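Pasting a structure here, questions to come.
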Amino acid sequence: MGEFFGLLKGGNKPSLYAALINTFIAIMKGVAFTFTGNVAMFAETMHSIGDAANQYFVFIGSALSKKAPTKRFPNGFGRLLNLVLLAAVLIVGIMAYETIREGWHQISSPVQAEGFIISVVVLSIAILLELFVLYKAGKEVLHEAGVKGGALAPLTTSFSHLNRAKPATKLVFLEDLVATSGGILALIAVLIAHYTGFLQIEGAASIAIGFMMFYVVTKVFLDNARGAIGETDEQMVNHIAHLLTDHNSVKDIRKLEVVKEGEFLHVETLIEVDPNLNVKQADELQNRLAEIILSQPSVEDVIVSLDADDGEEHWVHVNNRPDSLK
């Protein structure tokens with residue numbers, strides 16, 4: 001049990017903050033729905049419950065994925081995060097279905113909601129809180145991508161660097177982006193329904209929120225299905241290849257693999273070097289190259305093998321290295 005709580009300290013912090021805030025938001029929206037019966041509020045309640053549950057899963061999964069390798073599992077537990085996220089999206093999928101179903105009922109049999117002021121106040125507070133979580137997640141995205149920016153960068157620049165973020169951070173960012181957008185949409189629907197009497201707009205907003213939730217489900221499922229299988233990080237392959245070929249002692253690269261395992265990258269490479277190097281020189285070079293690779297973002301372990309240069313070129317240089325890795 002002590003080991004479990006010790007691992008939790010290394011869990012993904014943005015997911016924990018998001019889970020706690022979404023728990024508060026879900027309770028607040030749930031109470032508001034009880035008093036108002038507003039369908040758009042119901043959709044937002046389901047959304048926040050799904051987000052909170054999902055993010056608790058993510059936090060625990062990210063922590064457990066850092067468990068040290070054991071004799072039974074020598075490759076570690078990195079992919080455990082992918083498996084947890086695959087299970088977590090089922091919760092969002094169920095909530096999305098319920099949201100769409102309730103929205104359809106409102107369209108086919110519209111019901112006048114009560115407590116207009118309560119709905120507006122609660123949704124406004126929820127939007128501000130979700131925007132805060134989105135901002136924090138955006139900052140974490142930039143941090144993990146190694147990019148610096150101004151005060152608004154977490155809400156602007158972070159989108160272009162989202163593919164460099166860890167799976168857990170990416171999930172939190174996407175969920176809170178949808179949550180913020182959904183909250184704004186629900187607020188607009190409540191205002192329109194109140195001032196025009198067009199009650200079906202609340203059902204339409206609920207359905208739109210449900211489909212946005214399904215987008216997150218699809219996106220996260222596909223990303224983590226690839227991660228669970230073991231996906232090559234092409235951008236990091238290109239980046240590490242540049243680092244190696246820039247080294248004077250490296251003649252060629254015969255093999256270079258960078259595989260994603262949850263939040264971490266595992267690198268294996270076979271380098272061709274001067275055949276006249278003695279054992280000591282080769283050992284020192286091998287250690288230096290391993291240190292260079294290990295210093296790169298998210299790289300967890302490295303296997304560097306050396307072979308004598310055969311005079312043939314095996315590695316084709318690619319120059320599309322992403323700016324965040326230069």
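Outside any helix (DSSP H, G or I) and surrounded by 24 or more Cβ atoms within 10 Å (Cβ to Cβ) - does that describe any residue in the range 48-68?
yes
Then there is this: Could you check how many residues of the range 1-41 are closer than 13 Å to Leu123 by Cα and either open to solvent by 30 Å² or more (accessible area, probe 1.4 Å) or among the hydroxyl-bearing types (Ser, Thr, Tyr) (or both)?
6
Looking at Thr156, Thr169, Thr196, Thr180, which is the one that is farther than 18 Å from Ile117 by Cα, open to solvent by 50 Å² or more (accessible area, probe 1.4 Å) and of a type in the set (Val, Ile, Thr)?
Going through Thr156, Thr169, Thr196, Thr180 in turn, the sole match is Thr156.
Among the residues of the range 31-42, which ones are in a helix (DSSP H, G or I) and at pLDDT 80 or above?
Val31, Ala32, Phe33, Thr34, Phe35, Thr36, Val39, Met41, Phe42
Sticking with this structure for a sec: Is there any pair with a first residue in the range 24-40 that is within 22 Å of Gln200 (Cβ to Cβ) and a second that is open to solvent by 70 Å² or more (accessible area, probe 1.4 Å) and among the acidic types (Asp, Glu) whose Cβ atoms are under 6 Å apart and which are 6 or more apart or on different chains, and what are they?
Final answer for the pair search is Thr36/Glu114.
Also, I was wondering about something else. Which residues, taken from the range 69-83, are modelled with pLDDT under 80 and either part of a helix (DSSP H, G or I) or closer than 16 Å to Ala228 by Cα (or both)?
Those that are modelled with pLDDT under 80 and either part of a helix (DSSP H, G or I) or closer than 16 Å to Ala228 by Cα (or both): Phe73, Asn75, Gly76, Phe77, Gly78, Arg79, Leu80, Leu81, Asn82.
Would you check if Glu300 is open to solvent by 40 Å² or more (accessible area, probe 1.4 Å), within 20 Å of Gly78 (Cα to Cα), acidic (Asp, Glu) and at pLDDT below 85?
Yes, satisfied.
Please work out which residue is farthest from Glu202 (Cα to Cα), limiting yourself to the range 107-162 and to residues that are polar (S, T, N, Q) and part of a loop (DSSP other than H, G, I, E, B).
Thr156
Tell me the residue from Gly197, Gly182 that is more than 30 Å from Arg288 (Cα to Cα), without any contact (Cβ under 8 Å) to a residue 24 or more places away in the chain and of a type outside the set (Asp, Glu), please.
Exactly one of Gly197, Gly182 is more than 30 Å from Arg288 (Cα to Cα), without any contact (Cβ under 8 Å) to a residue 24 or more places away in the chain and of a type outside the set (Asp, Glu), namely Gly197.
Which of (1) out of contact with any Phe, Trp or Tyr (no Cβ under 9 Å at 6 or more places or on another chain); (2) buried (at least 24 other Cβ atoms within 10 Å of the Cβ); (3) more than 15 Å from Glu175 (Cβ to Cβ) does Leu80 not meet, given it meets every other one?
(2)
Would a scan of the range 232-250 turn up a residue that is in contact with a Phe, Trp or Tyr (Cβ under 8 Å, 6 or more places away or on another chain) and in a loop (DSSP other than H, G, I, E, B)?
No; the residues of the range 232-250 include none that is in contact with a Phe, Trp or Tyr (Cβ under 8 Å, 6 or more places away or on another chain) and in a loop (DSSP other than H, G, I, E, B).
Can you tell me which residue in the range 259-274 is farthest from Ala145 (Cα to Cα), limited to those that are at pLDDT 90 or above and buried (at least 19 other Cβ atoms within 10 Å of the Cβ)?
Among those that are at pLDDT 90 or above and buried (at least 19 other Cβ atoms within 10 Å of the Cβ), it is Glu272.
While we're here: When only residues in the range 275-297 that are in a loop (DSSP other than H, G, I, E, B) and of a type outside the set (Gly, Ala, Ser) count, which is nearest to Glu144 (Cα to Cα)?
Pro297
The values are calculated or read from the model by the stated rules, or taken from the named source; none is laboratory data. None of the values given here were measured: they were computed from a predicted structure. Note that we place each Cβ from the backbone using ideal geometry, even for glycine, and neighbour counts take in every protein chain shown. Remember, those area values only see protein heavy atoms, side chains included, never the ligands or the DNA or RNA. Shrake-Rupley method; radii C 1.70, N 1.55, O 1.52, S 1.80 Å.
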